[in-house]
Amino acid sequence: MKQMVALATTLGRSALLVVAIGILVFFFLRIVPGDVVDVFSVEGDLTAAQADMMRKELGLDAPLPAQFAAWVGDLLAGEFGTSVRYQRPVGDLIVGAIPTTLVVGLGSFVFGVTLAITLAIGAALWPKSVFAVMVNVVNVWSIALPTFCVGLVGIIVFSIWLGWMPVLGNIWLPIIVIGMDIAGQLVKTLHEELKEATSSAHVRTARAKGVHPIRLIVFHLLPTAAPLALALSGIVLSGLVGGTLTMEVLFGLPGIGSLTLNGILGRDYPLIQATLLLLALAVVVLNGLTDLLHTLIDPRPAQ
Amino acid sequence: MIRLDPIRRRLLLSVAAATLLPLAWPAMADDPVRGGVLRYSTTGLDTADAHRHTGSIGVVQAYAEALTSIAPDGSVEPFLAQSIDVSDDGLEYTFILRDGVRFHNGDLLTAEDVVANFARVRDNVSRGWLSGAMQLVEEFEAVDQRTFRLVMTEPYAPLLNLLSELWILSPQSEGWDGQLVTPIGTGPFVFDEWLPGVRLHAPRFDQYWKAGLPYLDAVEFNLREDIDKALALRAGDLHIASVTRDTLPELRADPNIDIRFMKDTSWNFVSFNNRSPRPPFDNVRVREAVAYALDRPGFMNFVAGDDGVVTNQMVPPGNFYFDQAMHDADRHHTRDLDRAREILAEEGVNPADFKLRAVSWQNPYTQVAVQMVRELGFEIEHLALDDLGAMQRLGEYDWDIAPFGSGPRADIFMRFIRMMSDGPNPGLWGGVQDAEFDSMVTAAVREADPDRRRQHYLDAWQHALDNYYTVVMGHSQGAIVNRTEVRDWDPGFTYAPNWASGGIAHVWLGES
């Protein structure tokens, strides 16, 4: 029962957060100078009268509360509206962009977490091995090197000098670059936690009983690392949104990040509102899920 | 210097060129190879409804064509029209359509289709260049299967140039009665899969009217605004792309890249707030002093290196509307700070007493121009904003000077109109409000004779110079570069990728 109440509270809080973000996004967007008519004016030289007429046609001259009500009405009807710049349903644009973002986001997350856990466990079991060195290297790498710098160097080395991979549409380099960044954020803390775990009684006993190292890792160390990795992942996942956006722009990937940026550049309100709301929803859901999983794996904090 | 001939002669020559070039092209090239996908990136594509476009004219021409196109020298070429006859009074236009032109759905192009397109633009399009022109159209009709006749209420000189952007589409196109979703044109490539802001896939049209063309299997347009095109070119991800000038040194060093330029120029200028001028710039002599303070050769060297052209005119040397005498009489070609200070002293202006506001985009060249004015002793608050922020701020007219630039145009009128009292996007030129200037430009537009029209435009420009509405810094050409495997390609007058005598229909891919 307690868990149900906790779950309901989390869901309610998350829903409120999404609503608050939606409201903020809507009104903050209107503060940014210029609207889509200005975009068309710059590109196509509209006269003042033509620009006014266009604003009227698009409903941009309506009072803000009326515009907000129209947007909420669309959302409640399950519609994201139509892109005012491209005259295409926003839902279609988003559906086209989601696969790229999912591949880059999930790919880099899986790569980063796997790398971090591998290095942390290796360094905990064999403190004088290359694993221990790599823990520090990856950690310092993540702190010192911004992903867009690494991405740019990667393009110059692998795409321009070596010619091994394309710049536009390259999916592997972004996954590695973001993955390295994620690994760096996780690995040090995980390593410290596991170092302590290796000297704990149950691991010492298992070693004394001659348990195979792999069995030791899977059944004794991984369960110790999982709650912490999960907790850290929640934080990392939120940051992943920004990292993915940067890489999408750098590598010309048609994902949600570039779609949002495109929307912002073109002051395409329905598009920006939808993508930002979706991103906020994704962050909230991911955080909620990690909380939930954390509770399932390690019920102690909840108790 | 290119001296354009009167319009009729131009059209006749263009007819010959447009007819013969496609036939001659294969013979001039080294055994064109068929096939391959050209990866191309210049401008974006904001709408599938070509009639409603308000810009982004670097993609549409691939799948939709117009009655006319702009030749690399800036003249008008018949495109879907085989010939064009203009009456002596400049009121009646007769277009004979090419025989055997097919839409992508297989239908033959007829004069009735042209009528339907003109009617759609006249009735449904309320913005952009064409809407102004259509207001002056008295009537149009299909005389027969291949003859389209258009009558204007008054002479309108830019009409044939503007018609290069009135795309002729099949009335069978999906969304014809509202918003076009899938345009069916006559171009060498077909509008296929469009992902807004990302890409347009355009496969070849096998029944294209230029026999044997296009050579390519498809063109993949990269429509993204945020990619580093120079890197993508060097990596081989793009074959043809527009690039910024700052990337040219790295591209010139790459043996796989050819640097080419659009034939029309962009022009840079420093404008004053002409709509609500504030002291001391409400005094024309103070504006003159600023003109003396601007180091235009230095500025153009910064903007375009050795390729920059310093002149005081809207168009560069070689253009029909360029006037050598006016150019030679330019008193501000060389910077003269002493003279600038003398004028300020004569007018009783102590620069230290004034805090000016400059509005610009975030380009480095704007800092250079502002710094030159600062050297006179003015304190300047420089607001360097993004495109839209700058446009909005310009429209508030609470500023003093504005260094800006503007790109290629299909007709000189599109440059003049923006300095007219009710012109579009007037902010870049400080919102000039001058009835005398307006009447001079209007006289030029209504003049059917090219030489007399040129004189009207020159009179208007001299008037603008005398009033120091803006100080032209100079001209430079935009770079559209390509990889060396791209053959038979040279950029045109504007961003258009396809025109009567050239463009991507003629391009093929060879060895690098």
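The values are calculated or read from the model by the stated rules, or taken from the named source; none is laboratory data. Note that this is a predicted model, so its numbers are computed, not measured. Positions of Cβ are backbone-derived with ideal geometry, glycine not excepted, and every protein chain shown enters the neighbour counts. Areas reflect the complete protein model, heavy atoms only, side chains present, ligands, DNA and RNA absent. Shrake-Rupley method; radii C 1.70, N 1.55, O 1.52, S 1.80 Å.
Of all residues in segment A:190-219, those being open to solvent by 60 Å² or more (accessible area, probe 1.4 Å) and among the hydroxyl-bearing types (Ser, Thr, Tyr) number 2. For segment B:399-419, check the following and say yes or no: at least one residue is surrounded by fewer than 19 Cβ atoms within 10 Å (Cβ to Cβ) and either closer than 13 Å to B:Ser276 by Cα or more than 20 Å from the chain's Cα centre (by Cα) (or both). No.
Listed here are the helices (runs of 4 or more DSSP H) enclosed by segment A:28-139 that have at least 2 residues being open to solvent by less than 60 Å² (accessible area, probe 1.4 Å) and within 10 Å of chain B (Cβ to nearest Cβ): A:36-44, A:48-58, A:90-125. For segment B:478-508, the set of residues classified as hydrophobic (A, V, I, L, M, F, W, C) and more than 16 Å from B:Ala62 (Cβ to Cβ) consists of B:Ala479, B:Val481, B:Phe493, listed by residue number.
For segment B:230-255, taking the residues that are in contact with a Ser or Thr (Cβ under 6 Å, 6 or more places away or on another chain) and under 30 Å from B:Glu65 (Cα atoms), the one that is nearest to the other protein chains (Cβ to nearest Cβ) is identified as B:Leu238. Mind checking which residues of segment B:410-464 are in contact with a strand residue (DSSP E or B) (Cβ under 8 Å, 6 or more places away or on another chain), within 14 Å of chain A (Cβ to nearest Cβ) and in a loop (DSSP other than H, G, I, E, B)? Selection gives B:Ala410 alone. Against the list (1) of a type outside the set (Lys, Arg); (2) within 14 Å of chain B (Cβ to nearest Cβ); (3) open to solvent by less than 40 Å² (accessible area, probe 1.4 Å); (4) touching a residue at least 12 places away in the same chain (Cβ under 8 Å), the condition A:Ile160 fails is (4).
Quick grid of which residues meet (1) within 24 Å of the chain's Cα centre (by Cα); (2) closer than 27 Å to B:Pro72 by Cα; (3) buried (at least 20 other Cβ atoms within 10 Å of the Cβ):
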position: B:Ala289; (1), (2), (3): no, no, yes
position: B:Gly298; (1), (2), (3): no, no, no
position: B:Asp306; (1), (2), (3): yes, yes, no
position: B:Thr311; (1), (2), (3): yes, yes, yes
position: B:Ala325; (1), (2), (3): no, yes, no
position: B:Thr334; (1), (2), (3): no, no, no
position: B:Leu337; (1), (2), (3): no, no, no
position: B:Arg341; (1), (2), (3): no, no, no
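Among the residues of segment A:170-192, is there at least one that is hydroxyl-bearing (Ser, Thr, Tyr) and over 24 Å from the mean Cα position of the chain (by Cα)? Scanning segment A:170-192 turns up no residue that is hydroxyl-bearing (Ser, Thr, Tyr) and over 24 Å from the mean Cα position of the chain (by Cα).
Scanning segment B:348-398 for residues that are part of a loop (DSSP other than H, G, I, E, B), away from chain A (no Cβ under 14 Å) and open to solvent by 50 Å² or more (accessible area, probe 1.4 Å) yields a total of 5. Taking segment B:229-267 as the range and being surrounded by 20 or more Cβ atoms within 10 Å (Cβ to Cβ) and in a loop (DSSP other than H, G, I, E, B) as the test, the residues that pass are B:Asp237, B:Leu238, B:His239. A single member of B:Arg453, B:Arg483 is over 21 Å from the mean Cα position of the chain (by Cα) and open to solvent by 10 Å² or more (accessible area, probe 1.4 Å), and it is B:Arg483.
What do you reckon, is B:Asn161 open to solvent by less than 50 Å² (accessible area, probe 1.4 Å), touching a residue at least 40 places away in the same chain (Cβ under 8 Å) and farther than 30 Å from A:Thr82 by Cα?
On the way: open to solvent by less than 50 Å² (accessible area, probe 1.4 Å): yes; touching a residue at least 40 places away in the same chain (Cβ under 8 Å): yes; farther than 30 Å from A:Thr82 by Cα: yes.
When the stated conditions are applied, B:Asn161 passes them.
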